[in-house]
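Only one structure is covered here, and it is reproduced in the block below.
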Ligand SMILES: Cc1cc2nc3c(=O)[nH]c(=O)nc-3n(C[C@H](O)[C@H](O)[C@H](O)COP(=O)(O)O)c2cc1C
């Protein structure tokens, strides 16, 4: 049974080829308004959205985010930043660190970071769905987590901020066919349970059927091997892991 919201979710695809026409001010406002309607931890809105307007900045991000030229062609690019900086500034400006009977805490911890990332990502996905409802496609760019030192500088991100996701928006150049997503063994009852050998074999076969219907790349004999080669042991994952360690250290040390 599909209502219009479910239909929208069903037909969404990541969009990487855009009509160059800019989004209207009304469309941008509507998408941002929807993002701000997303639930946030403690109602604290632990994120900030950086709107990338300058073409030169988009061009640079297209290179620093693992060389993905389509980023430079996206009419609208938003970076969703997990943000405790603004709360620390608010705490300081409001005399919180001098409050009687409270041991001052001047730096966020890993729990604060994960809540801020949750807030930012929930807002991002709400923006994605809102855009889709206006006929505007989108694509996440996880590679904004790479090159931490460069992105902190380019986007002016101070300590206690972290760009957890970037999203490109634009009208799709051509209609996209939704691809099926694989959901077998996604839900476990009451307790997590590792898959047994026979179930792992089933998953591998189903993934191959869905994602490699025309055959596997050379040098591998199963879909997990293809993913292991192309993603898990790739140069971009090495860089992302290096860079995220840098972001985490910065979050810890300020
Ligand atoms: C956290 C995250 C990071 C992603 N990063 C990229 C990216 O850097 N480049 C890209 O082309 N697609 C990226 N994607 C899009 C995925 O490749 C895409 O969602 C997935 O292949 C499923 O396809 P669909 O969105 O069309 O259903 C990302 C998606 C997510 C959720």
Please state which one of 2, 8 is more than 18 Å from the chain's Cα centre (by Cα) and more than 26 Å from residue 118 (Cβ to Cβ).
2
Filter the stretch 1-32 down to residues that are more than 16 Å from the ligand (Cβ to nearest atom), surrounded by 12 or more Cβ atoms within 10 Å (Cβ to Cβ) and over 20 Å from residue 71 (Cα atoms), then give me how many there are.
1
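Against the definition (surrounded by 10 or more Cβ atoms within 10 Å (Cβ to Cβ) and away from the ligand (no atom under 11 Å from the Cβ)), how does residue 155 come out, yes or no?
On the way: surrounded by 10 or more Cβ atoms within 10 Å (Cβ to Cβ): yes; away from the ligand (no atom under 11 Å from the Cβ): yes.
In short, yes.
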Report yes if residue 163 is under 25 Å from residue 122 (Cα atoms), within 14 Å of the ligand (Cβ to nearest atom), modelled with pLDDT under 95 and in contact with a helix residue (DSSP H, G or I) (Cβ under 6 Å, 6 or more places away or on another chain), otherwise no.
no
Need a quick list: helices (runs of 4 or more DSSP H) entirely within the stretch 42-152 having at least 2 residues that are within 16 Å of the ligand (Cβ to nearest atom).
55-64, 70-73, 110-133
Cβ pairs under 6 Å, 6+ apart, first in the stretch 225-241 and at negative phi and modelled with pLDDT of 95 or more, second part of a helix (DSSP H, G or I) and surrounded by 14 or more Cβ atoms within 10 Å (Cβ to Cβ)
240/145
For the stretch 203-254, which positions are over 25 Å from the mean Cα position of the chain (by Cα), in a helix (DSSP H, G or I) and surrounded by fewer than 14 Cβ atoms within 10 Å (Cβ to Cβ)?
205, 209
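For the stretch 175-192, does any single residue satisfy the condition of being surrounded by 15 or more Cβ atoms within 10 Å (Cβ to Cβ), touching a residue at least 24 places away in the same chain (Cβ under 8 Å) and under 19 Å from the mean Cα position of the chain (by Cα)? Even if it seems obvious, please write down each step before you answer.
Within the stretch 175-192, the subset surrounded by 15 or more Cβ atoms within 10 Å (Cβ to Cβ) is 176.
If we keep only those that are touching a residue at least 24 places away in the same chain (Cβ under 8 Å) too, we end up with 176.
Now restrict to residues that are under 19 Å from the mean Cα position of the chain (by Cα): none.
So far as the stretch 175-192 goes, no, none of its residues is surrounded by 15 or more Cβ atoms within 10 Å (Cβ to Cβ), touching a residue at least 24 places away in the same chain (Cβ under 8 Å) and under 19 Å from the mean Cα position of the chain (by Cα).
Any chance the stretch 181-197 includes a residue that's within 15 Å of the ligand (Cβ to nearest atom), modelled with pLDDT under 95 and touching a helix residue (DSSP H, G or I) at 6+ places or on another chain (Cβ under 9 Å)?
Among the residues of the stretch 181-197, at least one is within 15 Å of the ligand (Cβ to nearest atom), modelled with pLDDT under 95 and touching a helix residue (DSSP H, G or I) at 6+ places or on another chain (Cβ under 9 Å), which makes the answer yes.
The values are calculated or read from the model by the stated rules, or taken from the named source; none is laboratory data. The shown structure was predicted, so the numbers you read here are calculated from the model rather than taken from an experiment. Here the Cβ is made from the backbone with ideal geometry for all residues, glycine too, and neighbour counts use every protein chain on show.
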